[in-house]
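A.B. asks: Got a structure here, written out as structure tokens. Questions coming.
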Amino acid sequence: MKKLMLLCTLLCISFLNAQTGTIKGLVIDKQSETPLVGATVELLNTDETNGVITDLDGYFTLENVPLGRQIIRVSYIGFESITLPNIVVTSGKDAVVNVSLIEAFDRLDEVIITSDTNKSRAINKLTSVSARQFSLEEVTRFSGGRSDVGRLAANFAGVSAPDDSRNDVVIRGNSPTGLLWRLEGVPIPSPNHYSTLGTTGGPVSALNPNMLKNSDFITSAFPSEYGNAIGGVFDLGFRKGNKDDYEYTAQVGIFTGIEAMAEGPLGKNNGSFLVAGRYSLVGLLGVGAGGTSAAPNYSDVSFNLDFGKSKLGNFSLFGIIGFSNIDFLGDDIDEDDLFAAEDENTFVESGFGVLGVKHQINITDKSYLKTILSGSFTGNDFVADRFIDKNTPQERTILFTEADNTENRFTFSTLFNSKLSSRSTIRTGVLVENIGVTSLLRDRTEQPDLNNDGDPDIFTFRDIDENLTIFQPFIQGQFRLTEKLTLNTGLHGQYSSLNEQFVLEPRAGLNYKVSQNHRLSFGYGLHHQPVSLPLLFLNEEINGTIVQSNKDLDFVRSNHYVLGYDVKLGSSWRAKLEVYYQDINNAAVEPFSSSYSSLTEGADFGFDNDRVSLVNEGTGFNQGIELTVERFFKNGYYGLLTTSLFESKYKGSDGIERNTPFNNGYVVNLLAGKEFTMGNTKKDVLFFDTRVTFSGGRYFTPVDLTASQAAGFEVLQEDLAFSEQNDGYFRWDVKFGYKINSKKKKTSHQFYVDLQNVTANENLFARRYNRLTNNVDEVNQIGFFPDFGYRFEF
């Protein structure tokens, strides 16, 4: 009988343990970024008191936390406490949160000032406007997002991405080439499979969202530590692995592929490891996806090894490596394929990789030095063999296009951060990038037949092995002038060895807290960026000599002005309004009267090959107004409405003001979701998410059909550049699924189905000349497409 009672007791304890989870994390001083020892962490909205204090390294562990969405409050004497809602606790994985507290303006010894968390604020404390942080949960939660960071950003105000085939991020009317990707504090090439030289997007992301910690997305007037960009910044970071327990995740999805992830403790200094690998599911199945009938193969591995704290500081090693390939065979291609043609066999290979070592050491109890050494590469190989006289007895193939591009970067970054007082913080540093580029591009498009062999001659547009260094020093500070008024200001410098140009860029931002629920902000920034590398290194034949006539182009320059207003509408509601203007000059244009400008590049896989002898005389502007209304997750549901009204214009060397191809005019996103607790213990979750997107169509240059028919290739009416607009874009996505917290400890399951474009709306992708039919064809974007996924954590 005693044995039976003991067994029942053990089973009850096991069952109770299975119905709870763990919240753990780190609490730091937001200004000095040093750990806070003895901070109090409390679990709210529970019948029983559950709280802990942070240890000597600032870490805490809350155990026996009920499953579901929970709320914690973190407080420390003399600091403003913070409340963190919507922490998702499951039985399969510990919930990890990192908390930053800010010291009270006038330090108090006994009173704790309280404030609510604001997800709209960036993690980087020196941002004033046009920035927000995003989480792993958002990347994987929103419907239609394919667990892609770039597609997540399309839901935010100021972002336009009405292209189902790629994840390019168009920010406030700027070309996607104006975007800066950063990982762990250093710039990286485009982190996408099938990416090409000079672009920042692609069809499939190589960033595994399960590796990411909360990160920043900045759309204008960046702080001084960011440079070499005029459009926006993705400032991403890898999370650390679980330093206490081993955890594993296995999942599968149409676009994310088959994935396995492991994490756990490493070494004796509270270190950890986190590693994840993915492989294309559609590639294994041999089926097409994402707008093509060809089967894409792609894979990537990501890792973050944290070696813990020692007398020499904290070292970590991080990296990503990814490869992809796809073969488009003309006989298997549909006429409405988004990427290929029926009269070509095209073979594509690409690779991407980053490897970095990060070191951080506390110089004093209020300052630290962070240094990063990294290397990265990106490359793509493209070969197109075209059929001549296809489906006739004279059928033959010729090499039509050949491209082989590789970019290698070696980066050194060092940053010193010091909290001078509760009212001021200073940060200074330098970033040095050495970029090596090898590029070969040979193509027959629009070329004459000078050797009279019946085919257009193949011309070498690029054949280079170049090297350049970009040097970027900066200094910036945050000054809390009064309890309500905060100034962020600084100076960024940029030098390129290619054109030996050095520029200084002032940056400034003001935040004024009108009242507890109302805040005004203003931001200004001067930003520079070189013309895209594929344009800089184009060949031109002058008097029988091949020269690179664009090589000495100056930086494109953009002044950003932003005015913002934030209001807290309730305990879970907030609204944000921003008005902005961007004045652009020094854009690259042709030396004769022409509609061309480098500001129109970057919307596809390639760049114009015949734009040579360019000069820095182009101008442009972006202006608009944005509204965000957000209902944070509470009582089982959330909502997000973002509206952007904007105008994007440019002038070529002909002096005529035209629309850029990114001038959609408006974008409206409406997202909502609801969760229902299920099961006898109410620990399982049934969830629904939906997204509706409206957008104006992109502008395009009409095809000159008569000239195209005579030439045998597409000829555009460049005097009418971007004068016509596609019809508006509409898409509705619906996602639903089920989360199961197993009765066995440390095990959970999740299933979902994501129905993308449920109305099968025919959004126009392009109007393009078809050389086989001698007509201009309309090709639509991806129609209705069901995605699914399964996730197992243990």
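A.B. asks: At a 10 Å Cβ-Cβ cut-off, how would you order E184, E33, fewest neighbours first?
C.D. replies: Ascending number of Cβ neighbours within 10 Å: E33, E184.
A.B. asks: Can you tell me the mean projection area, over all orientations, of the convex hull of the stretch 153-250's alpha carbons? Units nm², please.
C.D. replies: The directionally averaged projection comes out at 7.7 nm².
A.B. asks: Mind checking the log10 I(q)/I(0) for the chain at q = 0.05, 0.09 Å⁻¹? Debye, one equal scatterer per Cα, no solvent, two decimals.
C.D. replies: -0.27, -0.87
A.B. asks: Could you tell me how far the Cα centroid of the stretch 147-185 sits from the Cα centroid of the stretch 684-733, in Å?
C.D. replies: The stretch 684-733 and the stretch 147-185 have Cα centres separated by 17 Å.
A.B. asks: Sorted from fewest to most neighbouring beta carbons within 10 Å, what does the list I82, I475 look like?
C.D. replies: If I rank by nearby Cβ atoms, fewest first, I get I475, I82.
A.B. asks: Which of the pairs K311/K358; K683/K745; K674/K746; K243/K683 have their Cα atoms more than 19 Å apart in this structure?
C.D. replies: K674/K746; K243/K683, as the Cα separations exceed 19 Å there.
A.B. asks: Can you put H560, H518 in order, fewest other beta carbons within 10 Å first?
C.D. replies: In increasing order of surrounding Cβ atoms, one gets H518, H560.
A.B. asks: Which entries in K24/K743; K576/K682; K370/K419 show an alpha-carbon gap greater than 26 Å?
C.D. replies: K576/K682
A.B. asks: Which angle from 0 to 90°, rounded to the nearest 10, does the C-alpha axis of helix 2-18 make with the longest principal axis of the chain?
C.D. replies: Around 40 degrees separate the two axes.
A.B. asks: Quick check: net charge around K484, other residues with Cβ under 10 Å of its Cβ, Lys/Arg +1 and Asp/Glu -1?
C.D. replies: Taking every other residue near K484 into account, the sum is +2.
A.B. asks: Out of all DSSP beta bridges with both ends in the chain, state the antiparallel percent to the nearest 5.
C.D. replies: Taking every DSSP beta bridge with both residues in the chain, the antiparallel ones total about 95 percent.
A.B. asks: Grab the DSSP H runs of the chain that are 4 residues or longer, score each as -39,500 (n - 2.57), total them, divide by all residues and round the 222 nm result to the nearest 500 deg cm²/dmol.
C.D. replies: -1500 deg cm²/dmol
A.B. asks: Also, quick follow-up: Roughly how far apart, in whole Å, are the Cα centres of the stretch 512-585 and the stretch 406-422?
C.D. replies: 21
A.B. asks: Dividing the alpha-carbon Rg of the stretch 262-383 by 2.2 N^0.38 Å yields what?
C.D. replies: Scaled against compact globular proteins, the figure is 1.55.
Every read-out reported here was derived from the displayed coordinates using simple, explicitly stated rules and does not represent laboratory data. What you see is a predicted model; the values in this text were computed from it and never measured. So basically every Cβ, Gly included, is an ideal-geometry build from the backbone, and we count neighbours across all protein chains shown.
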